[in-house]
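One structure is given here, and the rest of the page talks about it.
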Amino acid sequence: MQTIATAAGVNKALLHYYYRNKNRLHEKVREDTVGTVWGRLQLEFRRQEGGQKGEQRLEPLVRAAVSTYVHTISENPDFPLFMVREIAGGGDSLPAALPGLIRRFSEVPNTLTRSLHAEIKARKIKPILPVHFFLNMMGMTVATFLALPMLRKMGPALGFKLELEDAFLEARIQSITDTLLNGIRIKR
């Protein structure tokens with residue numbers, strides 16, 4: 001807690017007053033980060049919808065989701081490792097927080113699932129269970145940041161330097177979106 005207080009430029013007692021302990025601070029960081037991602041997605045989905053209800057095309061939704069995740073995580077690049085450590089450590093507080101977050105932001109997975117089902121029904125994409133679709137999308141997105149330390153060390157030996165610059169992030173967003181959708185599109 002002292003290290004965190006020092007880094008934040010606040011008194012340790014103030015940190016304890018608001019969060020009581022390191023676990024509560026971890027919960028707050030996790031909830032705020034997940035809330036930020038899903039809140040941004042909710043706003044983006046509504047913006048794309050243009051105020052009208054109904055089916056939305058899958059590709060722009062996927063691009064918006066991947067873009068939101070990539071940009072938010074690039075602002076908090078340690079967050080994926082933080083979550084992996086949380087889960088590996090038993091993740092006792094994670095299950096307690098998820099139902100509230102899901103209730104607050106259920107529009108996000110529901111919108112993607114509706115669009116997924118509509119495109120399956122229209123025979124534009126192969127049948128895929130939403131859980132596999134979400135795992136594929138999140139896996140490719142999160143792996144980008146989990147692999148960064150290793151790729152930065154290996155990069156010079158392989159002839160590249162990896163930095164989280166706008167051009168790299170945009171190329172990564174396009175690569176994830178294309179890979180995910182090309183894997184399920186029905187070729188005509």
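Condition check ((1) out of contact with any helix residue (DSSP H, G or I) (no Cβ under 6 Å at 6 or more places or on another chain); (2) of a type outside the set (K, R); (3) crowded, with 17+ Cβ neighbours inside 10 Å; (4) modelled with pLDDT of 95 or more) across all residues:
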{"position": "V84", "(1), (2), (3), (4)": "yes, yes, no, no"}
{"position": "P95", "(1), (2), (3), (4)": "yes, yes, no, no"}
{"position": "R104", "(1), (2), (3), (4)": "yes, no, no, no"}
{"position": "E107", "(1), (2), (3), (4)": "no, yes, no, no"}
{"position": "M138", "(1), (2), (3), (4)": "yes, yes, no, no"}
{"position": "A157", "(1), (2), (3), (4)": "yes, yes, no, no"}
{"position": "K161", "(1), (2), (3), (4)": "no, no, no, no"}
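Which of the residues belonging to the stretch 72-82 are in contact with a helix residue (DSSP H, G or I) (Cβ under 7 Å, 6 or more places away or on another chain) and in contact (Cβ under 8 Å) with a residue 40 or more places away in the chain?
Taking the stretch 72-82 and keeping what is in contact with a helix residue (DSSP H, G or I) (Cβ under 7 Å, 6 or more places away or on another chain), we get 72-74, 76-77, 79-81.
The answer is I73, S74, N76, P77, F79, P80, L81.
Hey, does the stretch 142-159 have a residue that's among the charged types (D, E, K, R) and within 26 Å of M83 (Cα to Cα)? Among the residues of the stretch 142-159, at least one is among the charged types (D, E, K, R) and within 26 Å of M83 (Cα to Cα), which makes the answer yes.
In this structure, does L148 turn out to be in contact (Cβ under 8 Å) with a residue 12 or more places away in the chain and closer than 18 Å to T72 by Cβ? Walk me through how you get there before you give the answer.
Working: in contact (Cβ under 8 Å) with a residue 12 or more places away in the chain: yes; closer than 18 Å to T72 by Cβ: yes.
So L148 passes the test.
Which of the residues belonging to the stretch 31-73 are modelled with pLDDT under 80 and of a type in the set (A, V, I, L, M, F, W, C)? The answer is V34, V37, W38, F45.
Would you check if R103 is in contact (Cβ under 8 Å) with a residue 40 or more places away in the chain, assigned to a helix (DSSP H, G or I) and closer than 23 Å to V37 by Cα? Walk me through how you get there before you give the answer.
On the way: in contact (Cβ under 8 Å) with a residue 40 or more places away in the chain: no; assigned to a helix (DSSP H, G or I): yes; closer than 23 Å to V37 by Cα: yes.
No: the conditions fail for R103.
Yes/no matrix, rows are residues, columns are (1) under 14 Å from V108 (Cβ atoms); (2) among the charged types (D, E, K, R):
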residue: M1; (1), (2): no, no
residue: I4; (1), (2): no, no
residue: G9; (1), (2): no, no
residue: Y17; (1), (2): no, no
residue: R20; (1), (2): no, yes
residue: L41; (1), (2): yes, no
residue: H71; (1), (2): no, no
residue: S74; (1), (2): no, no
residue: V84; (1), (2): no, no
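Would the stretch 155-170 turn up any residue that is in contact with a Lys or Arg (Cβ under 7 Å, 6 or more places away or on another chain) and not polar (S, T, N, Q)? The answer is yes; a qualifying residue exists.
Could you list all residues from the stretch 9-23 that are in a helix (DSSP H, G or I) and either touching a residue at least 12 places away in the same chain (Cβ under 8 Å) or surrounded by 13 or more Cβ atoms within 10 Å (Cβ to Cβ) (or both)?
Result: K12, L15, H16, Y19, K22, N23.
Regarding K161, is this residue more than 11 Å from V66 (Cα to Cα) and touching a Gly at 6+ places or on another chain (Cβ under 8 Å)? Write out each step before concluding.
On the way: more than 11 Å from V66 (Cα to Cα): yes; touching a Gly at 6+ places or on another chain (Cβ under 8 Å): yes.
Answer is yes for this residue.
The values are calculated or read from the model by the stated rules, or taken from the named source; none is laboratory data. Being a predicted model, the structure only gives us computed values, none of them experimental. Don't worry about glycine lacking a Cβ; one is built from the backbone with ideal geometry, like all the others, and counts go over all protein chains shown.
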